[in-house]
Amino acid sequence: MRSRSSPRKLATEQQLYGSALRALMRRAHSIHEMRAYLERRAEDKEVVSTVVARLRENRYLDDARYALEYARNHAQSRRQGRFRIARELRGRGVPDRHIEAALDSVFAETDEAASVGTRLKRQLSHVRGALGQNKIASIYRSLLRAGFSSDIIRAELRGVTHGDLPDLPDTPDPEL
């Protein structure tokens, strides 16, 4: 059984570049994520900037393309909303200008109400017994955490409950 220790430090620019390419083969990274990854692996932190510059020059790192692909995947495959995707991209160090451009592009071709409806149908298929106010509030909160607008969620819930909605907050709790 292997124990998790700190990664082996790499001395040369070529070793660091090879390590970056292997990381990019596993999954795409933002520039911020790649810089942090390389700084953990490098003996000399000054080499990191040259490796990142080389990766950008070879078009292996591009925050605009990364944001667009990430947003498209999470909106269409995972059925997540605009706010959740934006929050996660910010956490990955993508600049806001790329996030907004990607979200505008993706949600121009994706119907957010249909995504809410799909998630809502899946959640309602697991409900046992009557659909009470507590259960509706729980579903509402889960859809807010998924990143959807409260207006869209309310509209979809009204369609399901025929207008019988409890008082629901506009924004999710900050701790969620």
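The values are calculated or read from the model by the stated rules, or taken from the named source; none is laboratory data. Because the structure is predicted, anything quoted here is derived from the model rather than measured. So basically every Cβ, Gly included, is an ideal-geometry build from the backbone, and we count neighbours across all protein chains shown.
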- request: Please state which of the following conditions Leu21 fails to meet, knowing it meets all the rest: (1) assigned to a loop (DSSP other than H, G, I, E, B); (2) under 28 Å from the mean Cα position of the chain (by Cα); (3) over 22 Å from His98 (Cβ atoms).
  value: (1)
Single residue of region 143-176 satisfying the filter (over 16 Å from Ile85 (Cα atoms) and touching a Phe, Trp or Tyr at 6+ places or on another chain (Cβ under 7 Å)) that is modelled with the lowest pLDDT: Leu168
query: Identify, please: which residue in region 41-87 is of a type outside the set (Asp, Glu), in contact (Cβ under 8 Å) with a residue 12 or more places away in the chain and not in a helix (DSSP H, G or I) and is, among those, surrounded by the most Cβ atoms within 10 Å (Cβ to Cβ)?
result: Gly81
task: Kindly provide the set of residues from region 24-79 that are more than 24 Å from Asp104 (Cβ to Cβ) and among the acidic types (Asp, Glu), ordered by number.
output: Glu39, Glu43, Asp44, Glu46, Glu57
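Quick one: count up the residues across region 122-132 that are surrounded by 12 or more Cβ atoms within 10 Å (Cβ to Cβ) and not in a helix (DSSP H, G or I). Before the answer, list the steps.
Just the residues of region 122-132 that are surrounded by 12 or more Cβ atoms within 10 Å (Cβ to Cβ), to begin with: 123-124, 127, 131.
Filter again for not in a helix (DSSP H, G or I), leaving 127, 131.
Final tally of qualifying residues: 2.
One line per residue, one yes/no per condition, for (1) of a type in the set (Val, Ile, Thr); (2) touching a Lys or Arg at 6+ places or on another chain (Cβ under 6 Å); (3) in a loop (DSSP other than H, G, I, E, B):
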position: Gly93; (1), (2), (3): no, no, yes
position: Ala101; (1), (2), (3): no, no, no
position: Val106; (1), (2), (3): yes, yes, no
position: Ala113; (1), (2), (3): no, no, no
position: Leu120; (1), (2), (3): no, no, no
position: Leu157; (1), (2), (3): no, no, no
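Return yes when Ala28 is within 18 Å of Ser6 (Cβ to Cβ) and either in contact with a Pro (Cβ under 9 Å, 6 or more places away or on another chain) or not hydroxyl-bearing (Ser, Thr, Tyr) (or both) and no when it is not. Working first, answer last.
On the way: within 18 Å of Ser6 (Cβ to Cβ): no; either in contact with a Pro (Cβ under 9 Å, 6 or more places away or on another chain) or not hydroxyl-bearing (Ser, Thr, Tyr) (or both): yes.
Taking the combined requirement at face value, the residue does not satisfy it.
Of these, Arg26, Arg84, Arg79, which one is at positive phi and within 19 Å of the chain's Cα centre (by Cα)?
Residue meeting the stated conditions: Arg79.
When you scan region 13-49, how many residues do you find that are β-branched (Val, Ile, Thr) and either modelled with pLDDT under 95 or touching a Phe, Trp or Tyr at 6+ places or on another chain (Cβ under 7 Å) (or both)?
Initially, region 13-49 is screened for residues β-branched (Val, Ile, Thr), giving 31, 47-48.
Narrowing further to those that are either modelled with pLDDT under 95 or touching a Phe, Trp or Tyr at 6+ places or on another chain (Cβ under 7 Å) (or both): 47-48.
Count: 2.
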Neighbours by Cβ (under 6 Å, 6+ apart or cross-chain): first from region 118-142, among the aliphatic types (A, V, I, L, M); second surrounded by 13 or more Cβ atoms within 10 Å (Cβ to Cβ) and at pLDDT 85 or above: Leu120/Glu156; Ile139/Gln123
message: Looking at region 18-40, can you tell me whether even one residue there is in contact (Cβ under 8 Å) with a residue 12 or more places away in the chain, under 21 Å from Ser149 (Cα atoms) and not assigned by TED's automatic domain parsing to the domain that holds Val116?
response: no
query: Quick one: in region 13-30, which of the residues that are buried (at least 19 other Cβ atoms within 10 Å of the Cβ) and aliphatic (A, V, I, L, M) is nearest to Tyr70 (Cα to Cα)?
result: Ala20
